[in-house]
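Novice: Can you keep this structure in mind? I'll have questions shortly.
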Amino acid sequence: MKPAEYARQHQDDFLAELQEFLRIPSVSTQAEHRDDVAHAADWLKARLLEAGFPHAEVMATPGHPIVYAEWLAAGPDAPTVLIYGHYDVQPAEPLELWKTPPFEPTLAGDDLFARGASDDKGQLYVHVKAAEAFHKNSGRPPVNLKCLFEGEEEIGSPNLAPFIRQNAALLAADVALISDSHILGPDAPAIVYALRGMCYVQVEVTGPAQDLHSGSYGGAVNNPINALTRMLAQLQNESGEITIPGFHDRVRPLTEDERAKMARLPFEREQWLKEAHVTTDWGEQAYTIIERLSARPTLDINGIWGGYTEPGVKTVLPSKAYAKISMRLVPDQEPDEIAQLITDYLTAIAPPGISVKVDYLQGGYGAMVRRDSPAMRAAVSAYEAGYGVTPFFMREGGSIPVVATFQKVLGIETILMGFGLPDDNLHAPNEKVHLPNLYQGVQTAIRFMELLPSV
């Protein structure tokens with residue numbers, strides 16, 4: 001029996017194990033789930049050993065642990081693939097918006113609903129089952145495998161880059177493989193070749209040294225909330241163009257050829273509006289929706305607060321006001337530089353009597369990978385075998401900073417072999433995964449490992 005046939009015959013086992021994995025509430029951002037995150041790491045280590053990996057271990061970091069495994073039986077002449085994924089998940093709140101319990105996986109037709117079903121437990125587990133298919137048949141994969149599964153992706157991976165730098169020799173490989181992205185539809189596979197980076201800051205503005213009575217001081221003392229909202233409004237114009245001086249200096253212009261290829265991607269505006277639960281699109285009108293979503297930098301105010309927000313009335317002029325701002329960056333933009341640019345600009349436009357403090361909370365680089373590498377050719381052929389059609393190439397609006405880290409530290413490029421769908425509700429209530437995608441994903445991963453040694 002060939003590995004692909006073994007995988008088809010054991011889909012029920014795959015589903016049962018995935019449901020067990022999804023029941024573990026490995027929410028990395030909440031302290032009360034620290035033990036659950038550790039449990040998920042131990043669970044994953046055990047499944048890797050069962051799948052045939054001769055070595056798997058849970059490796060401590062200053063935060064949540066990393067699960068590392070290796071299977072090097074193919075020998076020094078065979079390529080080595082480094083598989084990355086994350087076993088931590090987003091918080092499930094607001095719980096009242098879930099139709100089914102977030103940590104009790106629920107089947108509805110071909111969809112499996114649970115937190116982490118698509119991001120990233122389901123997609124990560126595709127590769128564990130692909131390895132098992134080789135173990136149960138030919139005895140070993142045709143390539144050397146290393147696995148790097150982290151438990152901090154949903155909190156910005158604070159310990160991942162240091163871990164990679166400290167263990168560069170251990171993690172040495174010819175190519176990295178990540179399944180943490182989506183395709184365009186159940187019958188429209190796609191390979192991501194570019195990702196956006198991230199710069200996330202928190203802004204604090206201060207006016208008077210203490211809260212003041214708005215009747216006694218309002219109109220004569222600048223209200224920090226009023227000042228902050230006016231300042232934030234100056235970060236973009238009405239069309240969504242970012243107005244921070246120097247912000248676009250490193251933005252690589254889209255070529256006409258790339259824009260033409262992006263225009264050929266299957267995209268239905270009305271369906272997209274429905275998925276987004278909005279009535280119209282917004283943003284830079286010189287660019288299409290697809291270009292705005294994936295190839296242009298963005299700036300979004302993710303939260304704003306200050307003063308009195310409890311029930312009832314309190315006529316207070318607050319001392320301070322706050323905002324959280326995220327900026328998605330395109331390849332070549334430097335997160336540290338962008339953080340300094342927004343700090344300088346907000347400081348410059350602050351009115352007299354208002355002081356500004358900007359804390360740089362999180363950053364990550366965007367990345368672009370070759371579309372003509374041998375590993376990419378193997379990936380295209382693998383998708384053709386798994387789905388029966390040639391995959392599209394597309395840019396992704398989200399961020400997977402480890403791709404840039406692999407490029408910079410290990411000197412390897414990444415194949416982004418996603419199996420999610422655009423409507424999987426990532427980071428939202430009622431997250432799901434389309435099971436046929438995962439089953440085809442196992443077939444695609446198997447075929448990739450079979451093809452890679454000969455490309």
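Novice: Would you tally the residues in region 238-257 being over 17 Å from residue 199 (Cα atoms) and without any contact (Cβ under 8 Å) to a residue 12 or more places away in the chain?
Specialist: 5
Novice: Let me ask something else about it. Search region 281-308 for residues being more than 20 Å from residue 233 (Cβ to Cβ) and among the hydrophobic types (A, V, I, L, M, F, W, C), and hand back the single one that is surrounded by the fewest Cβ atoms within 10 Å (Cβ to Cβ).
Specialist: It comes out as 286.
Novice: Name the one entry in 160, 170, 235 that is of a type outside the set (Ser, Thr, Tyr) and either without any contact (Cβ under 8 Å) to a residue 12 or more places away in the chain or crowded, with 21+ Cβ neighbours inside 10 Å (or both).
Specialist: Result of the check over 160, 170, 235: 160.
Novice: Out of 156, 75, 116, I need the residue that is in the same structural domain as residue 43 (by TED's automatic domain parsing), more than 20 Å from residue 414 (Cβ to Cβ), within 14 Å of the chain's Cα centre (by Cα) and not acidic (Asp, Glu). Which one?
Specialist: 116
Novice: What are the residues in region 146-174 that are farther than 29 Å from residue 29 by Cβ and touching a Pro at 6+ places or on another chain (Cβ under 7 Å), if any?
Specialist: Of everything in region 146-174, just one residue is farther than 29 Å from residue 29 by Cβ and touching a Pro at 6+ places or on another chain (Cβ under 7 Å), namely 174.
Novice: In addition: Please enumerate the residues belonging to region 266-317 that are more than 25 Å from the chain's Cα centre (by Cα), polar (S, T, N, Q) and closer than 28 Å to residue 225 by Cβ.
Specialist: Correct list: 309, 315.
Novice: Here is a follow-up. If residue 139 satisfies all but one of (1) under 26 Å from residue 333 (Cα atoms); (2) assigned to a loop (DSSP other than H, G, I, E, B), what's the number of the condition it fails?
Specialist: (1)
Novice: Got a number for residues in region 418-451 being in contact with a helix residue (DSSP H, G or I) (Cβ under 6 Å, 6 or more places away or on another chain), buried (at least 23 other Cβ atoms within 10 Å of the Cβ) and either outside the structural domain of residue 378 (by TED's automatic domain parsing) or part of a loop (DSSP other than H, G, I, E, B) (or both)?
Specialist: 1
Novice: From the list 278, 330, 313, 251, which residue is touching a Lys or Arg at 6+ places or on another chain (Cβ under 7 Å) and either within 27 Å of residue 408 (Cα to Cα) or surrounded by fewer than 15 Cβ atoms within 10 Å (Cβ to Cβ) (or both)?
Specialist: Residue meeting the stated conditions: 330.
The values are calculated or read from the model by the stated rules, or taken from the named source; none is laboratory data. Nothing here was measured: the structure is a model prediction, and the numbers come from that model. Using ideal geometry, Cβ is built from the backbone for each residue, glycine included, and neighbour counts are taken over all protein chains shown.
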